[in-house]
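The values are calculated or read from the model by the stated rules, or taken from the named source; none is laboratory data. Keep in mind it's a predicted model, so treat the numbers as computed, not measured. Note that we place each Cβ from the backbone using ideal geometry, even for glycine, and neighbour counts take in every protein chain shown. These area figures cover heavy atoms from the full protein model, side chains too; ligands, DNA and RNA do not enter into them. Shrake-Rupley method; radii C 1.70, N 1.55, O 1.52, S 1.80 Å.
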Amino acid sequence: MASGTALIYDEEMTTHKLLWSDPICDIEVPERLSSSYEQLRSYHLVERCVHVPAREGSEEEILLVHSLEHLEVAKSTQTMNEEELKRVSENYDAFFFHPSTYRCARLAVGATLQLVDAVMSGKVRNGMALVRPPGHHSQRNAANGFCLFNNVAIAAEYAKLKYGLQRILIVDWDVHHGQGTQYIFEEDPSVLYFSWHRYEHQEFWPSLKESDYDAVGLGKGKGFNINLPWNKVGMGNSDYLAAFFHVLLPTAFEFDPELVIVSSGYDSGIGDPEGQMNATPEVFAHLTHFLMQLANGKLCVILEGGYHLKSLGESVCMTVKTLLGDPVPQVSGEMAPCLSAVESIQNVRAAHKPYWKWLAYEDTSFLQNLSTKSHFLKTANSNPSTEHESKITNNNDTVKVDRFLELHMKNILFPVPPIKTATTGCEGSEHFLSEHVQLVKEMDKTEVEALVSGFYADLVKDNKTLLSLGSMFVILDKILKKEVCNGIATSPTAALSAAVALRHSVRLGFQRVLCVFVGDMQMIPNTEDGKMLIINICEKEQSGKTSCKHYFSLNWKEDAEGNDFFSAVLGFILPVAYSYQPNLTVIAVGPNRNLGISGISLLVALIQGLAESRIFAVIEDTEISLMQNVAKLLVGASTPAFGIYVPPTQEKVNRIKALRDQFQQEWKMLQCSVKEGI
Ligand SMILES: NCCCNCCCCCC(O)(O)C(F)(F)F
Ligand SMILES: [Zn+2]
């Protein structure tokens with residue numbers, strides 16, 4: 001299993017700069033690179049990464065994407081004087097040449113390819129390249145929007161050629177549409193390009209019709225180009241997460257990429273003068289964490305835009321921290337996407353329904369009156385309650401943003417816990433014991449009895465159960481004290497252990513405990529006070545217990561040959577869990593589980609983004625191989641194999657949809673379509 005995170009940075013890429021006054025280009029400054037790197041050093045993240053040197057991209061590599069003419073023009077600028085540089089630059093929309101631009105652009109390409117090689121060769125698991133000039137606007141025969149060579153597009157073509165890859169996912173979370181990348185791959189089904197971008201109904205640069213949600217790709221490439229336009233500014237963490245849950249991730253898991261490349265622009269973050277969005281730096285930790293679960297963790301993050309130096313630096317650090325496997329910080333803000341975001345999500349899902357199995361049963365009846373509807377949506381000034389109030393009056397007030405971020409990041413950047421996982425050495429744990437795991441001693445019987453005496457005392461008959469409860473209390477204590485990040489224990493009666501763990505956690509002070517219970521839960525604690533939220537994934541409805549705001553019974557019988565659980569995890573469990581914002585997650589697997597190991601692994605892998613990755617897992621002690629899989633995930637050793645993708649049946653889609661319709665007002669992250677007749 002590859003491990004380690006590469007960081008590629010070469011200060012020579014700071015020599016490219018604007019020589020004349022140009023209010024459009026003057027935000028793309030060298031300090032974007034140097035201050036990001038300094039921020040990484042200040043958080044001691046540079047020393048934790050594997051340093052991989054940049055190199056010059058060769059002409060041959062550049063010609064994988066660009067025309068010879070484009071290369072020649074770029075090359076010719078090296079010896080030009082300022083007057084000539086200015087004249088050549090005027091041939092392009094929002095681009096500037098400097099005598100060192102060509103050299104820097106080749107370093108940016110080379111740095112990107114070095115990262116691809118380091119990941120594909122297994123030298124590291126993932127990594128980030130801090131490069132400029134950026135790339136995603138540049139096209140076969142033109143520079144555009146600060147970009148000369150399309151670093152990410154060249155990387156995708158390079159990876160296909162050198163490693164014979166057939167499925168590459170490009171995620172472009174920059175706030176501008178990477179039209180360059182779209183043009184390059186729009187007929188290519190081997191490269192799935194996803195971009196969200198500020199659009200405002202084509203008002204915002206580059207103001208292209210083909211940046212809208214209905215540009216789905218051409219010819220064989222249909223379905224492999226996904227545009228999610230933001231028609232309002234002020235989009236925040238919940239909008240970005242909703243876009244991942246309800247658009248990108250289901251498609252990405254169905255596509256099953258062999259490599260993921262991110263066009264990582266941070267102008268979609270708060271404070272950026274270009275984006276005017278509200279998302280805070282920690283959201284990039286969540287987005288990165290999700291993408292780390294694809295392609296066996298093979299993830300290359302390439303810098304694109306980002307013009308507020310403090311916001312850029314914090315977001316870069318959040319990204320690298322997550323690539324390193326650190327716990328994911330709690331995401332801030334109200335977990336409720338705005339109306340405009342939900343409309344865009346609904347539109348892009350409808351546009352892609354013909355191309356993706358996971359969307360086969362998507363309800364697109366709203367399209368019938370799209371002519372009036374879309375006109376209505378475009379002209380409607382949705383009332384203020386559906387727009388996010390901006391945390392900062394306007395993003396142009398840089399100092400105000402600096403101060404906001406100073407305070408905001410204070411309580412987010414916590415130290416990495418010395419030990420990742422605690423366990424009581426349950427059988428089979430010797431397989432994953434490593435420096436990340438701490439064996440905790442059992443608690444003695446009398447102490448346990450005292451703790452359990454209040455409740456369930458009658459249920460605790462034998463010593464074995466008492467001992468397993470004892471180990472559980474010890475682990476929960478360590479998690480609460482943040483001595484460890486997560487813990488795992490086996491139990492002869494996982495249902496009892498889970499119930500006791502929930503009660504104990506609330507008594508220890510966890511105010512919102514999420515419990516995902518797989519199998520027959522047998523005893524269901526009272527969830528009325530909202531201090532617990534239980535999602536019971538079971539084969540059949542528990543006797544008489546219907547779903548309510550804090551208790552969901554999700555009936556699911558895993559498909560025999562593969563893993564059809566994606567739609568439940570992405571379409572229901574994660575949105576509810578993120579809406580609830582737990583400060584502890586308990587994953588329990590009881591007897592006669594109805595989910596395969598890959599479905600449970602998917603769940604554990606994705607749910608680590610919650611509660612600062614504070615998870616307590618308790619597994620029925622008959623499930624040795626499951627326990628080992630879950631333990632490996634908690635230690636962070638591997639990205640699980642999710643098994644063959646099996647699309648959800650209509651019946652299962654309808655069950656998720658029914659739960660969504662019923663609870664999307666309580667748990668707003670469930671929203672992925674606007675109510676009819678608004
Ligand atoms: N009225 C004309 C406005 C032109 N604005 C250009 C914005 C370029 C954005 C570049 C970027 O941030 O997307 C990149 F990632 F490429 F750097
Ligand atoms: Zn941008």
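Values computed for the structure shown
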{"quantity": "Cα shape, the stretch 170-321, gyration tensor, a/c 1.5 rule", "calculated": "oblate"}
{"quantity": "Along principal axes, Cα extents of the stretch 598-678, largest first, whole Å", "calculated": "51, 30, 22"}
{"quantity": "Full-extension gain in nm, Glu406 to Glu200, via 0.36 nm per residue minus C-alpha separation", "calculated": "71.1 nm"}
{"quantity": "In nm, spacing of pseudo-spin labels at Asp363 and Cys548 (7 Å Cα→C-beta vector)", "calculated": "2.6 nm"}
{"quantity": "15 Å Cα cut-off, lysine pairs counted over the stretch 509-664 (separation 8 or more, or different chains)", "calculated": "4"}
{"quantity": "Sulfur and carbon atoms: percent of accessible area, the stretch 1-155 [1.4 Å]", "calculated": "49 percent"}
{"quantity": "Label-point gap, in nm, between Ser121 and Arg87 - each point 7 angstrom along Cα→Cβ", "calculated": "4.4 nm"}
{"quantity": "Shape category assigned to the stretch 302-351 from the gyration tensor of Cα positions, a/c cut at 1.5", "calculated": "prolate"}
{"quantity": "Loop-resident sites, the stretch 497-568, for GluC sites (Glu not before Pro), counting at most 13 other Cβ within 10 Å (DSSP)", "calculated": "Glu528, Glu541, Glu561"}
{"quantity": "Cα-based reach from Lys482 at 15 Å (exclusive), listing aspartates and glutamates while leaving out same-chain residues under 8 positions away", "calculated": "Asp326, Glu612"}
{"quantity": "Residue pairs, from the table Lys162/Lys209; Lys232/Lys310; Lys298/Lys420; Lys400/Lys668; Lys209/Lys400, whose Cα atoms sit over 27 Å apart", "calculated": "Lys162/Lys209; Lys400/Lys668; Lys209/Lys400"}
{"quantity": "Diffusion coefficient, µm² s⁻¹, Stokes-Einstein with Kirkwood Rh over alpha-carbon pairs of the stretch 69-207 at 25 °C and 0.890 mPa s", "calculated": "154 µm²/s"}
{"quantity": "The stretch 550-675, accessible surface, carbon-and-sulfur percent (1.4 angstrom probe)", "calculated": "53 percent"}
{"quantity": "nm² value of the averaged projected area, convex hull over the Cα atoms of the stretch 512-611", "calculated": "5.8 nm²"}
{"quantity": "Semi-axes of the equivalent ellipsoid for the chain, Cα gyration tensor, largest first, Å", "calculated": "44, 27, 22"}
{"quantity": "Qualifying GluC sites (Glu not before Pro) in the stretch 251-347, DSSP loop, other Cβ atoms within 10 Å at most 15", "calculated": "Glu334"}
{"quantity": "Mean residue ellipticity (222 nm) of the chain, computed from DSSP H runs ≥ 4 via -39,500 (n - 2.57), nearest 500", "calculated": "-10500 deg cm²/dmol"}
{"quantity": "Within the stretch 77-167, GluC sites (Glu not before Pro) in DSSP loop having at most 15 other beta-carbon neighbours inside 10 Å", "calculated": "Glu90"}
{"quantity": "Mean Kyte hydropathy of -0.5 or more with a Cα span along the axis of at least 27 Å, helices from DSSP in the chain", "calculated": "101-120"}
{"quantity": "Straight-distance crosslink candidates among aspartates and glutamates, where the alpha carbon sits under 18 Å from Lys160 and sequence neighbours closer than 8 are dropped", "calculated": "Glu59, Glu60, Glu61, Asp117, Glu186, Glu187, Asp188, Asp256, Glu258"}
{"quantity": "Accessible area (Å², 1.4 Å probe, nearest 10) - Tyr240", "calculated": "0 Å²"}
{"quantity": "For the stretch 594-639, alpha-carbon Rg relative to the globular expectation (2.2 N^0.38 Å, N residues)", "calculated": "1.08"}
{"quantity": "Three-way shape call for the stretch 26-136 based on the alpha-carbon gyration tensor, with the a/c threshold at 1.5", "calculated": "oblate"}
{"quantity": "Evaluated at q = 0.19, 0.24, 0.26 Å⁻¹: base-10 log I(q)/I(0), Debye formula over Cα of the stretch 1-76", "calculated": "-1.03, -1.11, -1.15"}
{"quantity": "Radius 12 Å from Cβ of Gly305, net charge of other residues (Lys, Arg +1; Asp, Glu -1)", "calculated": "-4"}
{"quantity": "Nearest-0.05 FRET efficiency for Glu449 and Asn526, computed from C-beta distance (R0 22 Å)", "calculated": "0.45"}
{"quantity": "R0 of 25 Å, Cβ-Cβ distance Asp661-Glu334: FRET efficiency to nearest 0.05", "calculated": "0.75"}
{"quantity": "Computed E for Glu69/Leu218 - FRET, C-beta separation, R0 30 angstrom, nearest 0.05", "calculated": "0.80"}
{"quantity": "Beta bridge orientation in the chain: antiparallel %, DSSP, nearest 5", "calculated": "5 percent"}
{"quantity": "Straight-distance crosslink candidates among lysines, where the alpha carbon sits under 23 Å from Lys86 and sequence neighbours closer than 8 are dropped", "calculated": "Lys17, Lys75"}
{"quantity": "Percent antiparallel among DSSP beta bridges (both partners in the stretch 498-551, rounded to 5)", "calculated": "10 percent"}
{"quantity": "Potential lengthening between Gln166 and Glu539 on full extension [0.36 nm per residue; Cα-Cα distance subtracted]", "calculated": "130.6 nm"}
{"quantity": "Extension gain from Ile624 to Arg41, taking 0.36 nm per residue of separation minus the Cα-Cα distance", "calculated": "205.7 nm"}
{"quantity": "Per residue accessible area in Å² of the chain, where ligands, DNA and RNA are left out and the probe is 1.4 Å", "calculated": "35 Å²"}
{"quantity": "Built amide H within the under 5 Å cut-off of Phe552, gap 5+", "calculated": "Ile534, Ile535, Asn536"}
{"quantity": "Dimensions in Å of the stretch 543-678 - Rg and Dmax from alpha carbons", "calculated": "15.4, 52"}
{"quantity": "Charge tally in the Cβ shell below 14 Å around Glu69, where Lys, Arg are +1 and Asp, Glu are -1, Glu69 excluded", "calculated": "0"}
